[in-house]
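S.K.: Quick one: structure below, then a few questions.
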Amino acid sequence: QVQLVESGGGVVQPGGSLRLSCETSGFTFSSNVMHWVRQAPGKGLEWVALIRYDGRKESYADSVKGRFTISRDNSNNMVFLQMSSLRPDDTAVYYCVKGTYVQIYLDYWGQGTMVTVSA
Amino acid sequence: QSALTQPRSVSGSPGQSVTISCTGARSDFGPFEFVSWYQQHPGKAPKLIIYDVSQRPSRVPDRFSGSKSGNTASLTISGLQTEDEAEYFCCVGTFTTYVFGGGTMVTVL
């Protein structure tokens, strides 16, 4: 079965950096777009970034563009989110999400990892 | 404020049907083609329940259905069950970006 397990969350000061990782299994990783989606405490969902199946194209939400970088390792079935210049409004649960090859929807979600940006 | 508007809450009794709307500005979302819906129970990760407006993954019960009219998509839950009490989010995507609605809390009375 499809599994996505995030790690790397924690507490960081404003202006700091953090790298999230997502280990995946149960599907052909190199054939699927991967995403990060976040949810601030008590709030709705916000799409953050996606990376194409071959790693050659990335897209970002305006709120994180220039600060966050998504990447993937198709040899080890992992996806990453490098976050820098973190702000308090980046505080959220970050979900790793499996996309598809060409269709536009968010297929399977990990359980999430909490990131808290606070002094 | 989300660019996709959903009602904050809807409710129904077990066995009834409820419908959640999701409206977007036509200029922002084009033909409103790639609409998906996600169910989230408290403290849990979201789950996909509808994609491409009206397609349902095989793992999702057939009491969930989707439709659209113009720039308004709708999710209908027929034969409401207690386990359907959750928050539901609509989403419209393109190949480079996704936007979520603000979410609708479904309460089973």
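The values are calculated or read from the model by the stated rules, or taken from the named source; none is laboratory data. Note that the coordinates shown come from a computational prediction; the quantities given were computed from them, not determined experimentally. Don't worry about glycine lacking a Cβ; one is built from the backbone with ideal geometry, like all the others, and counts go over all protein chains shown. Surface accessibility is based on the protein's heavy atoms, side chains included, excluding ligands, DNA and RNA. Shrake-Rupley method; radii C 1.70, N 1.55, O 1.52, S 1.80 Å.
S.K.: Please go through the stretch B:39-80 and write out the trypsin sites (Lys or Arg not before Pro) that DSSP classes as loop and that have at most 15 other C-beta atoms within 10 Å.
M.R.: B:K44, B:R59, B:R63
S.K.: Tell me, in nm to one decimal, what length is gained between A:A119 and A:Q13 on full extension, where the rule is 0.36 nm per residue of separation less the Cα-Cα distance?
M.R.: So the extension gain works out to 37.7 nm.
S.K.: Sorting A:K98, A:K57 by accessible area (1.4 Å probe), largest first, what list results?
M.R.: A:K57, A:K98
S.K.: Can you run phi through the Karplus equation (6.51, -1.76, 1.60; θ = phi - 60°) for the stretch A:46-59 and list ³J(HN,Hα) in whole Hz, with x for Gly and Pro?
M.R.: Working through the residues one at a time gives 9, 5, 10, 6, 9, 9, 5, 4, 9, x, 8, 9, 10, 9 Hz.
S.K.: Now for a different question. What chymotrypsin sites (Phe, Trp or Tyr not before Pro) does the stretch A:66-96 have in DSSP loop regions with at most 12 other beta carbons within 10 Å?
M.R.: Listed in order of number, the matching sites amount to none.
S.K.: Count charges around B:V108 for me, please; just the other residues with Cβ under 12 Å from its Cβ, Lys/Arg as +1, Asp/Glu as -1.
M.R.: -3
S.K.: In terms of solvent-accessible area of protein heavy atoms at a 1.4 angstrom probe, what is the ranking of B:E85, B:E33, highest value first?
M.R.: Order by accessible area, largest first: B:E33, B:E85.
S.K.: Mind computing the radius of gyration and Dmax over the alpha-carbon atoms of chain A? Å is fine for both.
M.R.: Cα-based Rg and Dmax for chain A come out at 13.4, 41 Å.
S.K.: Take chain A, connect every pair of alpha-carbon atoms lying under 10 Å apart with a spring to form a Gaussian network, then pick out the residue of A:L20, A:L106, A:L50 with the largest mean-square fluctuation.
M.R.: Taking springs between Cα atoms under 10 Å, the residue moving most is A:L106.
S.K.: How large is the accessible surface per residue of chain B, computed with a 1.4 Å probe and reported in Å² as a whole number?
M.R.: On a per-residue basis, 48 Å².
S.K.: Under 13 Å Cα to Cα from B:K47, which aspartates and glutamates show up? Leave out anything in the same chain fewer than 8 places away.
M.R.: Partners within reach: A:D107, B:D84, B:E87.
S.K.: Kindly provide log₁₀ I(q)/I(0) values, in the same order as q = 0.13, 0.21 Å⁻¹, from the Debye equation applied to equal alpha-carbon scatterers of the stretch A:37-98.
M.R.: -0.35, -0.86
S.K.: Same structure, new question: Which value, in Å² and to the nearest 10, is the accessible area of A:D89 when all protein chains are kept and the probe is 1.4 Å?
M.R.: Roughly 100 Å² of A:D89 is accessible to a 1.4 Å probe.
S.K.: So the label point goes 7 Å from the Cα of B:T107 along Cα→C-beta, right? Which residues of the stretch B:1-20 then have their backbone N under 19 Å from it?
M.R.: So the set is B:6-20.
S.K.: For chain B, what is the calculated [θ] at 222 nm in deg cm²/dmol (nearest 500), taking -39500 (n - 2.57) for each run of four or more DSSP H residues and dividing by its residue count?
M.R.: Roughly -500 deg cm²/dmol at 222 nm, from the helical runs in chain B.
S.K.: I would also like to ask the following. Where the only charges are on Cβ atoms (+1 Lys, Arg; -1 Asp, Glu), what is the dipole of chain B about its Cα centre, to the nearest 20 debye?
M.R.: 40 debye
S.K.: Compute the Kirkwood hydrodynamic radius of the protein assembly as shown, taking the inverse of the mean of 1/r over all pairs of distinct Cα atoms, and give it in Å to one decimal.
M.R.: After inverting the pairwise mean of 1/r, the radius is 17.9 Å.
S.K.: Something else now. Quick check: net charge around A:E6, other residues with Cβ under 13 Å of its Cβ, Lys/Arg +1 and Asp/Glu -1?
M.R.: +2
S.K.: Here is a further query. Taking a quarter of the surface of the Cα convex hull of chain B, what do you get in nm²?
M.R.: If I average the Cα hull's projected area over directions, I get 6.7 nm².
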